[in-house]
1. When only residues in the stretch 118-148 that are modelled with pLDDT under 80 and of a type in the set (D, E, K, R) count, which is nearest to R106 (Cα to Cα)?
2. Go through the stretch 31-41 and give me each residue that's among the charged types (D, E, K, R) and touching a residue at least 24 places away in the same chain (Cβ under 8 Å).
3. Specify which of the listed residues (A122, A140) is farther than 23 Å from A17 by Cβ, open to solvent by less than 30 Å² (accessible area, probe 1.4 Å), among the small types (G, A, S) and part of a helix (DSSP H, G or I).
4. With out of contact with any helix residue (DSSP H, G or I) (no Cβ under 6 Å at 6 or more places or on another chain) and on the phi > 0 side of the Ramachandran plot as the only criterion, which of D43, D30, D61 stands out?
5. Just the residues that are at pLDDT 95 or above and of a type in the set (V, I, T), please, taken from the stretch 86-106.
6. Could you list, in sequence order, all residues of the stretch 96-118 that are open to solvent by less than 70 Å² (accessible area, probe 1.4 Å), under 13 Å from the mean Cα position of the chain (by Cα) and not hydrophobic (A, V, I, L, M, F, W, C)?
7. Tell me whether the stretch 84-106 contains one or more residues that are acidic (D, E) and closer than 13 Å to Y48 by Cα.
8. Quick one: what pairs do we get from the stretch 87-114, first residue free of Cβ contacts under 8 Å to residues at least 40 places away in the same chain, second exposed (fewer than 14 other Cβ atoms within 10 Å of the Cβ) and part of a helix (DSSP H, G or I), C-beta under 8 Å, 6+ apart or different chains?
Amino acid sequence: MANSDPDVSAPDLLQHAMQGFQMYEQGRYDEARVIFQELLALDPTEGYYRTALGATCLAVDELDESLVHFNEAIRLNDADTAALINRGEVHLRLGNIMDAVHDFTRVVELDPENKDPLTERARVLAAAALQSAEDAQRDAAVAGGRKE
């Protein structure tokens with residue numbers, strides 16, 4: 001961690017992050033957001049803070065902002081499965097199906113033995129996204145073949 005405040009120790013940062021996670025789990029998203037923004041200000045290189053901030057934005061349907069945070073988390077750590085799955089969900093909700101499939105597929109590639117519970121979720125979401133894309137293509141082909 002690259003903590004910019006020498007008066008705040010690594011254990012303090014961890015405790016603060018745990019507090020933010022608890023707020024998030026309790027649905028206290030505004031409070032969680034404040035905590036993760038403070039942590040991010042102290043250590044902008046810690047991807048977890050970006051992932052957590054993105055998750056709080058996603059929880060309140062701020063899709064564009066959550067996408068910014070997930071993109072940055074993945075830039076900092078391209079193997080962050082939580083950020084990849086969450087970004088994939090944002091892409092699904094925005095209608096970017098192939099981008100979602102790409103993120104879900106990346107999660108599966110990172111965990112081929114399916115050890116992380118998030119991987120199974122990624123597999124299910126990838127299959128659903130691909131089915132949705134196939135359905136949309138089929139519907140477009142049928143609509144294109146109709147003469148009204």
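1. Across the stretch 118-148, the extreme among qualifying residues is R146.
2. Within the stretch 31-41, R33 is the sole residue that qualifies.
3. A122
4. So the residue among D43, D30, D61 that is out of contact with any helix residue (DSSP H, G or I) (no Cβ under 6 Å at 6 or more places or on another chain) and on the phi > 0 side of the Ramachandran plot is D61.
5. Residue satisfying the conditions is V90 alone.
6. Within the stretch 96-118, D103, R106 meet the criteria.
7. no
8. I97/A136; N114/E120
The values are calculated or read from the model by the stated rules, or taken from the named source; none is laboratory data. From a predicted model like this one, the values you see are computed outputs, not experimental measurements. With ideal geometry, Cβ positions are generated from the backbone for all residues, glycine too; neighbour counts draw on all protein chains shown. Side chains included, ligands, DNA and RNA excluded: accessible areas come from the protein's heavy atoms. Shrake-Rupley method; radii C 1.70, N 1.55, O 1.52, S 1.80 Å.
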